[in-house]
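Structure first, then comments.
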Amino acid sequence: MKTTTLILCAVAAALALGAYFKQEDLPLKGFKITGRMLLQMAPMLVAAFVIAGQLQMLLPKDIVAQWLGKTAGLKAILIGSAAGALTPGGPYVSLPIAVSLSKSGASVGCVVAYLIGWTMWGLNGLAFEISILGLRLTVAKRVATLLFPPVAGILAQLLFGIR
């Protein structure tokens, strides 16, 4: 087991134990909520992992290297930024895709640009932002963050682009 998994399991056990000492039936209520969330999230998680696995099988390494690899340079970082912006869903979708890209030969700069593009430019939240923030503030936010995904990708490539 990985250290992170062990830490999460220890925290979960400690919280369940704390809930038990507060009130004996609280852990059971918490596990029922856990079950409902698991049933709700499981289809999305399975679909995201299937997408990630199939991407690794379908993306030819030579094409990935040509377009998204270290030698592709800025082109890979810009493609990663744009792909991140166009990826729908939450981290259960984007993180497995990022891992698949990395394992298929995409550069660290491309993968980081993808993740920052998904976070800052993601189109799936655009309508929500406009409806709450208004058009002016949404445009200001989007314009102000325009350079972040490519810059983050370039920095990641310079600092960690060993492969």
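Since every read-out is calculated from the coordinates, none of them should be taken as a lab result. Small disclaimer: the values here were computed from a predicted structure and weren't measured. Quick reminder, even Gly has a Cβ in these numbers, built from the backbone with ideal geometry, and neighbours come from all protein chains shown.
A few points about this structure:
- Summing Lys and Arg as +1 and Asp and Glu as -1 over all other residues whose Cβ lies under 12 Å from the Cβ of residue 121 gives a net charge of +1.
- Rounded, prolate or oblate (a/c below 1.5 giving rounded, otherwise prolate when a/b exceeds b/c) for the range 1-47 by Cα gyration tensor: oblate
- Protection proxy ranking, peptides 92-102, 141-151, 126-136, average beta carbon neighbours within 10 Å, highest first: 92-102, 141-151, 126-136
- Its relative contact order, with pairs defined as Cα atoms under 8 Å and 6+ residues apart, puts the chain at 22 percent.
- For peptides 71-78, 117-124, 3-10, 40-47, sequence by mean Cβ density within 10 Å, most packed first: 117-124, 71-78, 40-47, 3-10
- Anisotropy class assigned to the range 27-163 is oblate, per the alpha carbon gyration tensor with a/c at or over the 1.5 cut-off and a/b no larger than b/c.
- In the chain, lysine pairs with alpha-carbon atoms under 29 angstrom apart (chain gap of 8 or more, or interchain): 12
- DSSP H segments from the chain that extend 24 Å or more along their own axis, Cα-based, with Kyte-Doolittle mean of 0.0 or above: 3-22, 26-58
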